[in-house]
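Structure, as structure tokens:
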Amino acid sequence: MIVSLTIIRYRKAMVPFALLAMAIHRLPLWLQKDCTFWKLLGSGRNGTFDLNPDWQQWGLMAVWNDRETFDEFDKSGFVAKWWDMFATERWTILLEPLQSHGKWDGKSPFGSPNITGHTGLVAVLTRATIRLNKLKGFWSNVGGVANIMASAPGYITSFGIGEAPVYRQATFSIWKSVEDVKAFAYASKEHADVIKKTRDENWYSEELFARFKPVVSFGTINGKNPLENLI
């Protein structure tokens, strides 16, 4: 299994094609052989859960049976050719699942790995469907987390991604080590308080937390490869 996350940026004039892609790309992805799970994603502006969409930035997360299948898709698939034609930038990271807990649309897309002892770079996906009657509590508490995360030791980069505005949100972040992730998650009072409220107030109807080993990173986003010389 190999997991891909591709972040795509469009020029402002091409935003209509980005919106159109959210509908058109569903069919070729549904027909894609050996792709066991995929999600077309919008993007927030601040690198984490965000109410402010970035209409120029979009994403695709997918799970592939093997690297060869992904490579074929990335070089000659309909979706990739669309990006080549209409997008200005494209960055992809390939990942191997280390741990995964929870569900995404009732599925366990990354299996149930529990690989411990990993050293080096680690990527983290936190994804949730927020209960509609909990939206106010959620959004009133998570606003400051992005700024705290961006200044946390070991933080490299992050992307706010989501399937739907407001209530289906995810954060994908990359860190220098698992220890840095744990320090941010539990040693930061602000983030620890949000985690506690998540449980106490039952914000989510579904959630998933996964860690990955970054395998390769290529392309650029905002003019650079975020993991250049790090993998």
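Each value in this text was obtained by applying a stated rule to the coordinates, not by laboratory testing. Source: prediction; values computed, not measured. Neighbour counts are summed over all protein chains in view; Cβ atoms, including those assigned to glycine, are modelled from backbone coordinates with ideal geometry.
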Whichever residue in the range 199-215 is touching a helix residue (DSSP H, G or I) at 6+ places or on another chain (Cβ under 9 Å) and either without any contact (Cβ under 8 Å) to a residue 60 or more places away in the chain or over 14 Å from Arg127 (Cα atoms) (or both) and, among such residues, is surrounded by the most Cβ atoms within 10 Å (Cβ to Cβ): Val215
What residue, of Thr171, Thr220, is in contact with a strand residue (DSSP E or B) (Cβ under 7 Å, 6 or more places away or on another chain) and either closer than 22 Å to Ile130 by Cβ or aromatic (Phe, Trp, Tyr) (or both)? Thr171
Please indicate, with yes or no, whether at least one residue in the range 64-80 is buried (at least 19 other Cβ atoms within 10 Å of the Cβ), under 28 Å from Ile148 (Cα atoms) and either touching an Asp or Glu at 6+ places or on another chain (Cβ under 9 Å) or free of Cβ contacts under 8 Å to residues at least 12 places away in the same chain (or both). no
Given the structure, is Leu41 more than 18 Å from the chain's Cα centre (by Cα), at negative phi and not small (Gly, Ala, Ser)? no
With respect to Phe218, determine if the residue is closer than 21 Å to Val166 by Cα and under 19 Å from the mean Cα position of the chain (by Cα). no
Any chance the range 20-39 includes a residue that's surrounded by 17 or more Cβ atoms within 10 Å (Cβ to Cβ), within 30 Å of Ala150 (Cα to Cα) and touching a Lys or Arg at 6+ places or on another chain (Cβ under 6 Å)? no
Test set (1) under 25 Å from Arg67 (Cβ atoms); (2) under 20 Å from the mean Cα position of the chain (by Cα) - Gly154 fails condition number: (1)
